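I have placed the structure first, in the form of structure tokens, so that the comments after it can refer back to it.
The values are calculated or read from the model by the stated rules, or taken from the named source; none is laboratory data. What you are looking at is a predicted structure, and each value in this text was computed from that prediction instead of being measured. Cβ placement follows ideal geometry from the backbone for every residue including glycine, while neighbour counts extend to all protein chains displayed. SASA here: full protein model, heavy atoms, side chains in, ligands and nucleic acids out. Shrake-Rupley method; radii C 1.70, N 1.55, O 1.52, S 1.80 Å.
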Amino acid sequence: MTAPLPPVIVGAGPAGIRAAERLVAAGLRPVVIDEAARWGGQIYRQPPDGGFTRPKKALYGFEVGKADAVHRAMAAIRDRVDYRPRTLAWNCEAGAIDLLCEGVSATLPFSHLILATGATDRVLPFPGWTLPGVFTLGGSQVALKFQGCAVGRRVAFLGTGPLLYLVAYQYLKAGVELAGVFDTTPFVVQARATAGMLRDPATLAKGLLFVAMLRAHGVPVRNGIRPVRAAGTERVEALVWHDAGGREHRTPCDAVAFGLGLRSETQLADLAGCRFRFDAADRAWLPERDAAGRSSVAGVYLAGDGSGIAGADAAELAGERVALALLEDLGEVVDAARMRELDRRLSGIAAFRRTLDAAFPFPDDWADSIADDTMICRCEGVTAGVLRDVARNGQARELNRAKALTRTGMGRCQGRMCGATTAELLSRALGTGPDGVGRLRAQPPIKPLPIATVIPSPRGEEGSAGREVA
Amino acid sequence: MRERIDCDVAIVGGGIVGGSAALFLRQAGLSVTLLERDWCGAKASGVNFGGVRRQGRPLEQLPLSQRAHAIWGRLPELLGTDVEYIRSGHLKLARSDADLDSLVAYRERTGGFGLGLEIIAGEEFRQRWPALGDRAVGGSLCPEDGHANPRLVSPAFARAAAALGADVREQTPVDRVEKDGDRFVLLAGDALEVRARFLLNTAGAWSLRVAEAFGETVPLESLHPNMAVTEPLPRFLDVNIGVEGGGVYGRQVPRGNMVVGGGRGFALDADRARPQRHAVMTLMQDAAELFPQLRHAHVIRCWTGVEGYTPDRNPVIGPSRTTPGLFHAFGFSGAGFQIGPGVGQTLAELVTTGTTAMPLEPFRIDRFPPIA
Ligand SMILES: Cc1cc2nc3c(=O)[nH]c(=O)nc-3n(C[C@H](O)[C@H](O)[C@H](O)COP(=O)(O)OP(=O)(O)OC[C@H]3O[C@@H](n4cnc5c(N)ncnc54)[C@H](O)[C@@H]3O)c2cc1C
Ligand SMILES: Cc1cc2nc3c(=O)[nH]c(=O)nc-3n(C[C@H](O)[C@H](O)[C@H](O)COP(=O)(O)OP(=O)(O)OC[C@H]3O[C@@H](n4cnc5c(N)ncnc54)[C@H](O)[C@@H]3O)c2cc1C
């Protein structure tokens, strides 16, 4: 078999690692690009090398076996991949991606590209969220896994979704005092969805166990709440919330960890030219892919949370599946039974995912609950009121227009953080569904690029093109 | 059911040219329908560098450019909103004595236009712009040139026109134009039919589609100037900077971000373009060379736009040579933002009076040899 160029994988999380493993098994030597210093991705993120003593069991809890397996899988193929850690893929043009590693930029041509770029927290503001001491769930988990520290001494957990209970539980295990778990989902909704979760008894059992453990340790677990604000002057001093009956409560704490799910990291797919479609489950525009992970662009493949939130187990399966698709496209004979098996398990997870969504529904009145003076885009200081204004006076009926007029998403994050919020707010103000306001177009660079980046490309290539005067 | 609109003037394209024409036509009391495929000001007019500069333009553009200058001066009153327009001065740098000579020569040639150009060199130059270090031997300052925020300016023109009663239809691509007797007929799919006595072709890089429907053409190509912007930085630059001979240009916006431009992007398709990697790198390097303050800054976004360029880099402005009642204004070749409102006003004048004092000869549509 001949691949014109080595396949390139962006992302060394569960998806990227399993994809690499499969390609290596077929005799290829893929390039694996990852921004992080060590492989593992978000969930199986490894602490920095050296001097870090918390055992894996403490870091990954129930998932220690999986974490270890994924880490080992990569270690086993380490010599047979061109692994490039601490390397950001900051741009993609047809047939090549641009990399930045230690201040040096390089262009890497590809014929086959697997994007396994994963996800980050979906940040949905509430009053006071910019106070020091307020963290995302993911952020607080990273602090625990990566830095070995908690975000506070007495932490309130807020939001909804399985991660809420998981991270709370991890904090409990780490010996941190919990002010409470405040779930926006009403208890009845969760109870009703529990039946569906029997599809995956292990996960259900874990979920129930988390809740049971939290309660057993006297941690208040409240359902159907609405956040009012994170209160405090210098930093968070309390979480103020409404219970299901609308009564206000004030829970003292020195940190809040909050999250309403994850958002896929899709910029590279966008720059690669992939077609997007709105995904109702993720409330987001995602790159289109077939069941095997082929995107709408020949030679570009998608796997893992970067193309739709499905969790770590799905990411592993999808990584392997997409590698098989790639091999198939190269003309390789692949194990059809294995492909069917992977497809079957992936669709099982997808079905379970629907149940989880039912158990932890997105609070779609969220956008109504925030006051006009709540900061939506913190880079540019854009408030909810400003966005509502451009929506209501008819000037902005879609996201890119709102960005142009208000500067939301124009700062360092370029909408990666505030984009989801802006979409929620704008669509609510306009009375459309979240799919009704379009999506922010990605522009390079994916993350801020130091100007000092060494430039290896020959100068003057653009010739007279550089002589424009504006 | 197809909606039908009858009006005096139909305009294809809601960029700064079409938007300002609509505004001035409404001020003159004509009924106007403006058809915009995307959102008004979403294309070149809304994504450009934001340079509002007369300095450096070919002489034949200066009368229009001066006319535009007067309009820019009363922008808040015209548009009823702040569009971050600042008469910061436009400083064109000379990196060599030869470049300085050519700036001096430009000042001589344009003496009659009242641009007020000041040549500043040597010690005085270094004292006035220490931030530019020793990057240049001197420069030419046009004190009343400056910059504005194109994202705000260009949609505001169409909005102001609408506020005066223009029928502005966004998300409405015109896919057929023809003339039926003394009326132009414009079709936007099955939804809309517009009939008008006059037709303005201000469709930017896509204007040939309209011109060709009336048997006219020009060698127009689409090009894509590369732009980049840094994170906000401490204020170090108040003037809009260009360089004699071209290359990089830059301005610092009130928020502190530095916007720089240079080189070209590439087309994704007929409607969209993307910055080009090598041009972006070259731009970053050139910018850091010119503005040492950028050496430790980060670029947070690059972008480009789609703009029509002619071989002589002058626009096509004026009456059609085949079809009475049709007026063109396109092909601004990367420099239509400043001049745009002056062009809009001139188009309105042509429609209402049939004539203009602006010398439009250099911009005739038939100035290029016929394309085989
Ligand atoms: C903070 C956080 C905590 C989570 N905790 C849990 C949990 O406890 N349990 C659970 O089941 N799920 C959890 N999830 C979800 C879980 O992380 C994912 O389901 C799983 O990691 C997906 O694997 P992946 O391979 O698709 O992506 P990831 O594991 O996210 O890996 C993607 C990798 O790509 C890299 N990358 C992305 N873009 C670029 C780029 N442009 N250039 C270079 N590298 C790039 C990233 O650095 C990352 O290493 C969490 C998610 C987040 C964001
Ligand atoms: C990146 C960049 C930087 C620039 N920098 C500067 C600068 O600093 N200073 C300066 O003076 N100039 C600059 N320019 C040039 C300036 O932006 C343009 O010359 C000017 O905006 C042209 O305005 P316009 O109204 O003719 O075109 P556009 O703004 O392109 O408007 C044309 C409109 O017509 C619409 N349209 C096209 N076809 C149809 C159809 N069939 N039906 C309906 N609508 C249609 C389009 O959607 C578009 O909105 C720059 C240009 C670019 C791209």
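Which of (1) polar (S, T, N, Q); (2) modelled with pLDDT of 95 or more; (3) closer than 27 Å to A:ILE451 by Cα is the odd one out, the single condition A:SER105 does not satisfy?
Status for A:SER105: all satisfied but (2).
Take the residues in region B:288-311 that are more than 7 Å from chain A (Cβ to nearest Cβ) and among the aromatic types (Phe, Trp, Tyr); name whichever of them is nearest to B:PRO150 (Cα to Cα).
It comes out as B:TYR309.
Answer yes if at least one residue in region A:305-325 is more than 13 Å from ligand 1 (Cβ to nearest atom) and without any contact (Cβ under 8 Å) to a residue 24 or more places away in the chain, and no otherwise.
Among the residues of region A:305-325, not one is more than 13 Å from ligand 1 (Cβ to nearest atom) and without any contact (Cβ under 8 Å) to a residue 24 or more places away in the chain, which makes the answer no.
Filter the strands (runs of 3 or more DSSP E) completely within region A:82-136 down to those with at least 1 residues that are within 26 Å of A:LEU324 (Cβ to Cβ).
Passing ranges, in order: A:82-84, A:87-93, A:96-101, A:104-109, A:113-115, A:119-121.
Among the residues that make up region B:42-49, is at least one of them touching a residue at least 12 places away in the same chain (Cβ under 8 Å), away from chain A (no Cβ under 14 Å) and within 12 Å of ligand 2 (Cβ to nearest atom)?
no
Are there helices (runs of 4 or more DSSP H) fully within region B:7-77 with at least 3 residues that are farther than 30 Å from B:ASP182 by Cα and of a type outside the set (Lys, Arg)? List them.
On the way: elements: B:16-27, B:44-47, B:62-73.
Hits in region B:7-77: B:44-47, B:62-73.
Please verify whether region A:278-285 includes one or more residues that are more than 13 Å from ligand 1 (Cβ to nearest atom), out of contact with any strand residue (DSSP E or B) (no Cβ under 7 Å at 6 or more places or on another chain), within 14 Å of chain B (Cβ to nearest Cβ) and among the aliphatic types (A, V, I, L, M). Give the derivation first.
Of the residues in region A:278-285, the ones more than 13 Å from ligand 1 (Cβ to nearest atom) are A:278-281, A:283-285.
Filter once more, so that each one left must be out of contact with any strand residue (DSSP E or B) (no Cβ under 7 Å at 6 or more places or on another chain): A:280-281, A:283.
Subsequent filtering for residues that are within 14 Å of chain B (Cβ to nearest Cβ) retains none.
Taking every residue of region A:278-285 in turn, none turns out to be more than 13 Å from ligand 1 (Cβ to nearest atom), out of contact with any strand residue (DSSP E or B) (no Cβ under 7 Å at 6 or more places or on another chain), within 14 Å of chain B (Cβ to nearest Cβ) and among the aliphatic types (A, V, I, L, M).
With the checklist (1) open to solvent by less than 50 Å² (accessible area, probe 1.4 Å); (2) more than 16 Å from ligand 1 (Cβ to nearest atom); (3) at pLDDT 90 or above in hand, flag the one item A:ILE455 doesn't pass.
If we test A:ILE455 against (1) open to solvent by less than 50 Å² (accessible area, probe 1.4 Å); (2) more than 16 Å from ligand 1 (Cβ to nearest atom); (3) at pLDDT 90 or above, just (3) comes out false.
Given the criteria part of a strand (DSSP E or B) and more than 14 Å from every other protein chain (Cβ to nearest Cβ), does B:PHE236 qualify?
no
More than 14 Å from chain B (Cβ to nearest Cβ) and either within 16 Å of ligand 2 (Cβ to nearest atom) or out of contact with any strand residue (DSSP E or B) (no Cβ under 9 Å at 6 or more places or on another chain) (or both): is that true of A:ALA19 in this structure? Can you show your working first?
Values: more than 14 Å from chain B (Cβ to nearest Cβ): yes; either within 16 Å of ligand 2 (Cβ to nearest atom) or out of contact with any strand residue (DSSP E or B) (no Cβ under 9 Å at 6 or more places or on another chain) (or both): no.
No: the conditions fail for A:ALA19.
Sort out which residues of region A:366-388 are open to solvent by 10 Å² or more (accessible area, probe 1.4 Å), within 16 Å of B:ARG151 (Cβ to Cβ) and away from chain B (no Cβ under 12 Å), and write them in order of number.
A:VAL386, the sole residue that qualifies.
Here is a list: B:GLU216, B:GLU178, B:GLU193, B:GLU212. Which entry is outside any loop (DSSP other than H, G, I, E, B) and touching a Lys or Arg at 6+ places or on another chain (Cβ under 7 Å)?
B:GLU193
Identify, please: which residue in region A:58-77 is open to solvent by 50 Å² or more (accessible area, probe 1.4 Å) and of a type outside the set (Gly, Ala, Ser) and is, among those, nearest to ligand 2 (Cβ to nearest atom)?
Of everything passing the filter in region A:58-77, A:LYS66 is nearest to ligand 2 (Cβ to nearest atom).
Would you check if there is a residue in region A:78-87 being touching a residue at least 60 places away in the same chain (Cβ under 8 Å), more than 16 Å from ligand 2 (Cβ to nearest atom), on the phi < 0 side of the Ramachandran plot and open to solvent by less than 10 Å² (accessible area, probe 1.4 Å)? Give the derivation first.
Filtering region A:78-87 for residues touching a residue at least 60 places away in the same chain (Cβ under 8 Å) gives A:81-83, A:85.
Among the residues that remain, those that are also more than 16 Å from ligand 2 (Cβ to nearest atom) are: A:81-83, A:85.
With the extra rule that they be on the phi < 0 side of the Ramachandran plot, the set shrinks to A:81-83, A:85.
Narrowing the set further to residues that are open to solvent by less than 10 Å² (accessible area, probe 1.4 Å) leaves A:81.
For region A:78-87, residues touching a residue at least 60 places away in the same chain (Cβ under 8 Å), more than 16 Å from ligand 2 (Cβ to nearest atom), on the phi < 0 side of the Ramachandran plot and open to solvent by less than 10 Å² (accessible area, probe 1.4 Å): present.
Checking B:ALA228 against (1) over 20 Å from the mean Cα position of the chain (by Cα); (2) within 12 Å of ligand 2 (Cβ to nearest atom), only one condition comes out false. Which one?
Single failed check for B:ALA228: (1).
Listed here are the residues, each with its yes/no results for (1) more than 11 Å from chain B (Cβ to nearest Cβ); (2) among the small types (Gly, Ala, Ser); (3) open to solvent by less than 40 Å² (accessible area, probe 1.4 Å).
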{"residue": "A:GLN395", "(1), (2), (3)": "no, no, no"}
{"residue": "A:ARG401", "(1), (2), (3)": "no, no, yes"}
{"residue": "A:ALA404", "(1), (2), (3)": "no, yes, yes"}
{"residue": "A:ARG407", "(1), (2), (3)": "no, no, no"}
{"residue": "A:GLY431", "(1), (2), (3)": "yes, yes, no"}
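Being closer than 19 Å to A:PRO186 by Cα and crowded, with 19+ Cβ neighbours inside 10 Å is the filter here, so list the residues in region A:237-256 that pass it.
A:LEU239, A:TRP241
Could you say which residue among B:THR202, B:THR172 is in contact with a strand residue (DSSP E or B) (Cβ under 7 Å, 6 or more places away or on another chain) and either more than 20 Å from B:LEU25 (Cα to Cα) or surrounded by fewer than 21 Cβ atoms within 10 Å (Cβ to Cβ) (or both)? Steps first, answer last, please.
Working: B:THR202 fails: either more than 20 Å from B:LEU25 (Cα to Cα) or surrounded by fewer than 21 Cβ atoms within 10 Å (Cβ to Cβ) (or both).
The conditions single out B:THR172.
Out of the residues in region A:143-155 meeting the condition of being in contact with a Ser or Thr (Cβ under 9 Å, 6 or more places away or on another chain) and open to solvent by 10 Å² or more (accessible area, probe 1.4 Å), tell me which one is farthest from ligand 1 (Cβ to nearest atom).
The qualifying residue farthest from ligand 1 (Cβ to nearest atom) is A:GLY152.
In the set A:ARG18, A:ARG22, A:ARG45, which member is open to solvent by less than 60 Å² (accessible area, probe 1.4 Å) and either away from ligand 1 (no atom under 12 Å from the Cβ) or modelled with pLDDT of 90 or more (or both)?
A:ARG18
Pairs needed: first member in region A:370-394, over 11 Å from A:LEU425 (Cβ atoms); second member anywhere, among the aromatic types (Phe, Trp, Tyr); C-beta distance under 9 Å; at least 6 residues apart or different chains.
Pairs that qualify, where the first residue is over 11 Å from A:LEU425 (Cβ atoms) and the partner is among the aromatic types (Phe, Trp, Tyr), are A:MET375/A:TRP129; A:ARG378/A:TRP129.
From the list A:LEU158, A:LEU204, A:LEU172, A:LEU178, which one is in a helix (DSSP H, G or I), surrounded by 15 or more Cβ atoms within 10 Å (Cβ to Cβ), touching a strand residue (DSSP E or B) at 6+ places or on another chain (Cβ under 7 Å) and assigned by TED's automatic domain parsing to the domain that holds A:ASN223?
A:LEU172
Let's see how each residue does on (1) closer than 30 Å to B:ARG295 by Cα; (2) crowded, with 23+ Cβ neighbours inside 10 Å:
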site: B:VAL137; (1), (2): yes, no
site: B:SER154; (1), (2): no, yes
site: B:LEU164; (1), (2): no, no
site: B:GLU178; (1), (2): no, no
site: B:ASP182; (1), (2): no, no
site: B:LEU186; (1), (2): no, yes
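Please determine whether any residue of region B:258-280 is more than 14 Å from chain A (Cβ to nearest Cβ), touching a Gly at 6+ places or on another chain (Cβ under 6 Å) and at pLDDT 95 or above.
Scanning region B:258-280, I find no residue that is more than 14 Å from chain A (Cβ to nearest Cβ), touching a Gly at 6+ places or on another chain (Cβ under 6 Å) and at pLDDT 95 or above, so the answer is no.
Any residue at all in region B:326-345 that is among the hydroxyl-bearing types (Ser, Thr, Tyr) and either at negative phi or more than 8 Å from ligand 2 (Cβ to nearest atom) (or both)?
No; the residues of region B:326-345 include none that is among the hydroxyl-bearing types (Ser, Thr, Tyr) and either at negative phi or more than 8 Å from ligand 2 (Cβ to nearest atom) (or both).
Among (1) modelled with pLDDT of 90 or more; (2) within 14 Å of another protein chain (Cβ to nearest Cβ); (3) over 19 Å from the mean Cα position of the chain (by Cα); (4) surrounded by fewer than 20 Cβ atoms within 10 Å (Cβ to Cβ), which single condition is A:SER347 missing?
The failed condition is (2).
If you check A:GLY103, A:GLY138, A:GLY152, which single one turns out to be more than 14 Å from chain B (Cβ to nearest Cβ) and either more than 14 Å from A:ALA230 (Cβ to Cβ) or of a type in the set (Lys, Arg) (or both)? Break it down stepwise before answering.
Details: A:GLY103 fails: more than 14 Å from chain B (Cβ to nearest Cβ); A:GLY152 fails: either more than 14 Å from A:ALA230 (Cβ to Cβ) or of a type in the set (Lys, Arg) (or both).
Every option except A:GLY138 fails the conditions.
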